[in-house]
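So the structure is just underneath, and the comments pick up after that.
Read-outs throughout are calculated quantities, based only on the coordinates presented, and are distinct from any laboratory measurement. As the structure is a prediction and not an experimental result, all values here were calculated from the model. Virtual Cβ from ideal backbone geometry, glycine too; neighbours counted across all protein chains shown.
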Amino acid sequence: MREGRFSAAESEIAQRYSESVSFDRRLYRHDIAGSIAYASALASAGILSADEFEMIARGLREIENQITAGTFVWDASLEDVHMNIEAALTKRIGLAGAKLHTGRSRNDQIALDLRLFTRDEIDQIVARLRALQDALLLLAQKYSEVLMPGYTHLQRAQPTYFAHYLLAQLEALERDHERLRDTRRRADVMPLGSGALAGSTIALDREGIAKVLGFQRVTQNSIDAVSDRDFVGDFLYSLAMIGIHLSRFSEDLIIWSTSEFGFIEFSDAFATGSSLMPQKKNPDMAELTRGKCGRLIGNLVSLLTILKGLPSSYNRDLQEDKEALFDSVDTVRSALELFSAMLPELTINRERMESLANDPQLLATDLAEYLVGKGVSFREAHTIVGKLAASGKQLDALSNDEFRAASNAFEEDVREVFDVRKALQRRTATGSPSPENIERQIARWRELLEPE
Ligand code: ARG
């Protein structure tokens, strides 16, 4: 590539600083698929003969096999995956290989590779998201009747079902799924033919290339096509959001596994010991997931910061998008796999959860709503019950006289408020945890997650 314009070789320091083949080799399958599709368009345009196209396609497939087998020799002095493959092809088949890059730039080539990569990886991650949702749904079905205290501000707040909590995680992951689908749609646009930034004088059937590579659309502006990394940003954001959801979930599990809470226990296979304290069982898998969220957010911020500084069109800064992208993909993939394997092995301490869920203080709001049913305004009821709760006595231990002293709206039937399962039965609005609603939600998810 330097033979024409340059008389001196690139400094070794500059070479080492700028090479990307050490990481972008990961794109080889996409790079080769793109080159074969591009070569077929060159053939249709009369730039390549049918024979030349055959030689290129065969040569590229052989190179792909070599890379997959680990026998391909990468050369950092050839800078990136694109030039390594092109040089190997030309070495193999001569002149025809040297024609492949007609009308193409590495600027539209890398844009294509990244889009193909993003599409594939989204499909992989969606499958893993689905697997985790399946695992959550199974748990919700298995423990559909287990009560648990619900928290706000990490203070015990109101009773609910453990299944209600699990279904909440399913909801969040479903939004992640939607984001990924949306990101895939944005990535699904074919940029080849944009050249360096202004297309080329070689008229190519871009729609034909898109069809071969399974793209829904082609890019409509060649400057935008080589500049655009929005889809990488969308993807990194979607992945960071999955990380944030898993971090929150991890945090819940970590707290619940303490002896102070004692709600759950991690299986031995997914817990670690202490090198010092023989009695300890640590929730390291959940802690690592919480911690790895840091790099997911970091990778997103890294990309946004790169893009922020750029003028339009291709700039070499864009090479810095890849490691962030690869790292986030790998991190989320492994975290999803881990959670799907770890969840079915959790031990749920039903007695402990239910004994705390049965705390009558958690029904203070229900008690205020009872007064509302007797005609008291909610604000007044809130004050009355607040005073009773501050009395230091358990609410269900108050005598009829004590209730009466607080408000003469209280009647004999106030005792019924303190049956926690009945209290949950009364929560019938969509989204609330009545047992019927939970059953309905489980059925809804079963249908939704059914493989098509
Ligand atoms: N390695 C480059 C990247 O990742 C490929 C495109 C290089 N283009 C160029 N004009 N130097 O962005």
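A full extension of the chain between THR152 and ASN315 corresponds to an added length of 53.9 nm, given 0.36 nm per residue minus the alpha carbon distance. For the chain, the mean residue ellipticity at 222 nm estimated from helices alone is -20000 deg cm²/dmol, where every DSSP H run of n ≥ 4 contributes -39500 (n - 2.57) and the total is divided by all residues, rounded to the nearest 500. Remark: C-alpha extents of the chain on the principal axes read 100, 53, 41 Å, sorted largest to smallest.
For the stretch 168-181, putting each phi into the Karplus relation 6.51 cos²θ - 1.76 cosθ + 1.60 with θ = phi - 60° gives couplings of 4, 5, 4, 4, 4, 5, 5, 5, 4, 4, 4, 4, 5, 4 Hz, in residue order, rounded to whole numbers and with x for Gly and Pro.
Available extension along the chain between PHE23 and THR430 is 141.6 nm, counting 0.36 nm per residue and deducting the alpha carbon span. Place a point 7 Å from the Cα of GLN361 along the Cα-to-Cβ direction; which residues of the stretch 390-430 have their backbone N under 18 Å from it? Backbone N within reach: 390-399, 418-420. Taken as Cα centroids, the stretch 42-76 and the stretch 178-217 sit 21 Å apart, rounded to the nearest whole angstrom. Using the Karplus relation 6.51 cos²θ - 1.76 cosθ + 1.60 with θ = phi - 60°, the per-residue 3J(HN,Hα) values for the stretch 43-59 come to 5, 4, 7, x, 7, 10, 6, 4, 5, 4, 4, 4, 5, 5, 4, 5, x Hz, with x marking Gly and Pro. For the stretch 205-283, GluC sites (Glu not before Pro) are listed when DSSP marks them as loop and at most 10 other Cβ atoms sit within 10 Å of their Cβ; the list is GLU260. Under the combined filter of DSSP loop state and at most 16 neighbouring Cβ atoms within 10 Å, the stretch 386-417 retains these GluC sites (Glu not before Pro): GLU411. Pairs of Lys residues in the chain, spaced 8 or more positions apart or belonging to different chains, with C-alpha separations under 29 angstrom: 18 in total. Using 0.36 nm per residue and subtracting the Cα-Cα separation, the extra length available between SER49 and SER274 on full extension is 74.3 nm. Of the trypsin sites (Lys or Arg not before Pro) found in the stretch 344-452, the ones in coil according to DSSP and having at most 16 other Cβ atoms within 10 Å of their Cβ are LYS374, LYS393, ARG426.
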